[in-house]
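The values are calculated or read from the model by the stated rules, or taken from the named source; none is laboratory data. Computed from a predicted structure; not experimentally measured. Counting neighbours? That spans all protein chains shown, and the Cβs are built from the backbone with ideal geometry, glycine included. The accessibility values were calculated without ligands, DNA or RNA, using every heavy atom of the protein model including side chains. Shrake-Rupley method; radii C 1.70, N 1.55, O 1.52, S 1.80 Å.
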Amino acid sequence: MLNHLVVALRRRSPDCVIAPSLRAGVAVGVPLVGAMMAGWHHSVPYLALGSLVALYGKNEPYRRRAGTLTGVGIGLVLAVGAGVWVAGSVTHPAARLLMIGVAAAVAKLLCDAGASGPPGGLILGFACATTAYLPPPVPSVVAVFAATLAGALFAWVVCMCGWVFDPWGPARVAIANALRCAAAISRSDEARARHTAALAVHSGWLALAASRPRRAGLHGMLVRLNAAAESVVLNPASPDTARGHQLESAASRILRRRPPNLPDLPAPPFLNAFTAPGSVMLRSRSMVAALHPRSLMMPGAVRVFLGTVVAGGVAQALHLGHGYWASVTAIAVLSVPSAVASVHRAVQRTLGTGVGLILALLVLSTVSSPLWVSVIVVGCVIVGEIFVVYNYGYGMVWITPTAVLLTALAVPAGPADLTGDRLVATAVGGLVALGCVLAVRNRRSIRALECAIRACEKAVAEPRGEQQRRKLVPLVAAARDAYEIVRGEHSIRDVPDEEVVRRFEREFAYS
């Protein structure tokens with residue numbers, strides 16, 4: 001595990017992994033430890049759930065991140081409120097599961113359509129399911145909303161404070177990634193590698209377009225550096241090794257906030273040509289469209305609904321002490337876009353949970369102070385957020401103790417009972433989720449691929465030039481994503497040949 005992490009950190013900037021993980025640790029840890037020290041034990045679950053806003057928008061430009069965090073924060077407050085209402089007003093077990101299933105499905109639809117990024121609707125579904133099964137005494141509705149909102153607001157401030165101290169942080173990370181991807185072309189001149197670098201450069205332009213140039217000198221340097229990476233990408237010939245080392249060095253220096261030693265910086269393009277996506281109006285329209293019964297995202301939401309209800313029902317039939325964990329596992333396994341990805345997620349979650357439960361059992365057996373348990377939870381959050389970027393199973397090794405220890409803080413129970421319930425619930429949720437993947441077919445994904453291919457063909461037919469190639473970058477990326485979803489669905493037999501997508505990647509790379 002450590003070897004994988006070291007290799008990954010060498011290939012990817014630590015700024016885009018460690019810094020967001022530390023922010024998440026601070027956002028979760030300060031309210032949690034503060035509430036434990038103040039004796040507000042009944043508010044701990046709601047403060048912790050609200051602070052999970054920090055898991056979103058990790059490396060987005062600050063203006064877009066503000067919208068993402070605000071939307072997720074509102075969603076979390078509503079999800080917790082819905083869970084508390086279900087816990088207090090819905091007594092029939094089947095009706096309770098149906099309510100949670102609807103909430104989880106709507107959360108998946110809205111987060112996917114609103115491009116919230118990982119972890120998507122999982123956290124909102126988790127918040128609703130958890131609060132729906134918290135035993136009494138439950139604080140008043142006003143206290144619940146206040147605690148959740150306080151946690152969300154604190155997380156928002158923690159995640160956005162960099163806008164004051166380092167407003168160009170996300171842009172520097174994006175451009176460093178573009179420089180490194182461009183340098184990698186010298187080691188591989190395949191069309192796929194060149195298009196990967198082009199997508200990184202495109203992300204750099206969007207990050208710069210979303211940032212206001214309050215410091216003209218720094219803004220101009222970042223623009224010219226991204227233009228240098230783009231010039232390598234747009235050049236049909238592979239860059240030499242010396243140029244690749246220069247790009248790597250420039251990436252490292254800008255992350256350390258040092259001036260890059262990169263000669264021959266080209267003139268940048270007109271930045272107004274790059275419009276950062278994700279405005280409130282566009283997101284709102286996408287979310288409304290996703291709620292239509294015939295939307296492309298509806299099969300995934302139906303899978304989540306069925307997985308939540310059936311997994312929870314099986315857990316109730318088995319008389320598990322924390323049956324909602326089965327529903328949460330089903331939501332997590334079904335949050336990925338294709339059937340094959342769900343199978344991988346189920347295996348990774350099961351194996352990671354098994355190892356994580358050993359850690360949780362050790363902590364619960366040796367640590368009795370709630371304050372120290374809270375401190376350990378913060379450490380698990382930080383480490384888990386670092387590992388989950390590279391492998392979901394590695395992340396679950398640390399996320400599992402976090403969930404178990406938070407449950408122990410809210411509802412004290414025996415260590416063996418907690419870990420046993422978690423293990424059985426994970427197995428039940430994973431198996432039910434795989435059954436839902438087989439039962440609900442996602443044939444609509446082929447429509448998304450056909451639309452993406454038509455958009456690429458239209459762009460290729462336009463007059464050649466740098467503008468045409470820049471326009472082709474996100475279109476080919478969308479076609480590639482749609483193709484991977486189609487290829488990962490068992491219900492689609494006439495899957496188009498991958499050559500369809502590779503043709504557009506070569507069209508960009510060598511036109």
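Numerical summary
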quantity: Conditions (1) surrounded by fewer than 21 Cβ atoms within 10 Å (Cβ to Cβ); (2) under 22 Å from Leu409 (Cα atoms); number of the one not met by Leu98; calculated: (2)
quantity: Some residue of the stretch 304-323 being open to solvent by 10 Å² or more (accessible area, probe 1.4 Å) and within 22 Å of Ser116 (Cα to Cα); calculated: yes
quantity: Residue among Val383, Val397 that is within 25 Å of Ala341 (Cα to Cα) and open to solvent by 30 Å² or more (accessible area, probe 1.4 Å); calculated: Val383
quantity: Hits in the stretch 109-127 (condition: closer than 13 Å to Val53 by Cβ and modelled with pLDDT under 85); calculated: Ser116, Gly117
quantity: Odd one out for Gly430, checked against (1) crowded, with 18+ Cβ neighbours inside 10 Å; (2) at pLDDT 85 or above; (3) over 30 Å from Val314 (Cα atoms); calculated: (3)
quantity: Unmet criterion (only one of (1) of a type outside the set (Gly, Ala, Ser); (2) touching a helix residue (DSSP H, G or I) at 6+ places or on another chain (Cβ under 6 Å); (3) closer than 26 Å to His319 by Cα) for Asp417; calculated: (2)
quantity: Criterion (in contact with a helix residue (DSSP H, G or I) (Cβ under 9 Å, 6 or more places away or on another chain), modelled with pLDDT under 85 and of a type in the set (A, V, I, L, M, F, W, C)) met by exactly one of Leu78, Leu9; calculated: Leu9
quantity: Pair list, Cβ < 8 Å and 6+ apart or interchain, from the stretch 292-318 residues that are closer than 14 Å to Ala339 by Cα and touching a residue at least 60 places away in the same chain (Cβ under 8 Å) to residues that are open to solvent by 20 Å² or more (accessible area, probe 1.4 Å) and among the polar types (S, T, N, Q); calculated: Val304/Ser335
quantity: Residue satisfying condition, being open to solvent by 60 Å² or more (accessible area, probe 1.4 Å), modelled with pLDDT under 75 and out of contact with any His (no Cβ under 9 Å at 6 or more places or on another chain), within set Arg224, Arg257, Arg214; calculated: Arg214
quantity: Which numbered condition Val280 misses (of (1) β-branched (Val, Ile, Thr); (2) modelled with pLDDT under 80; (3) buried (at least 16 other Cβ atoms within 10 Å of the Cβ)); calculated: (3)
quantity: Test for Leu405: is it in a helix (DSSP H, G or I) and farther than 30 Å from Ser368 by Cβ; calculated: no
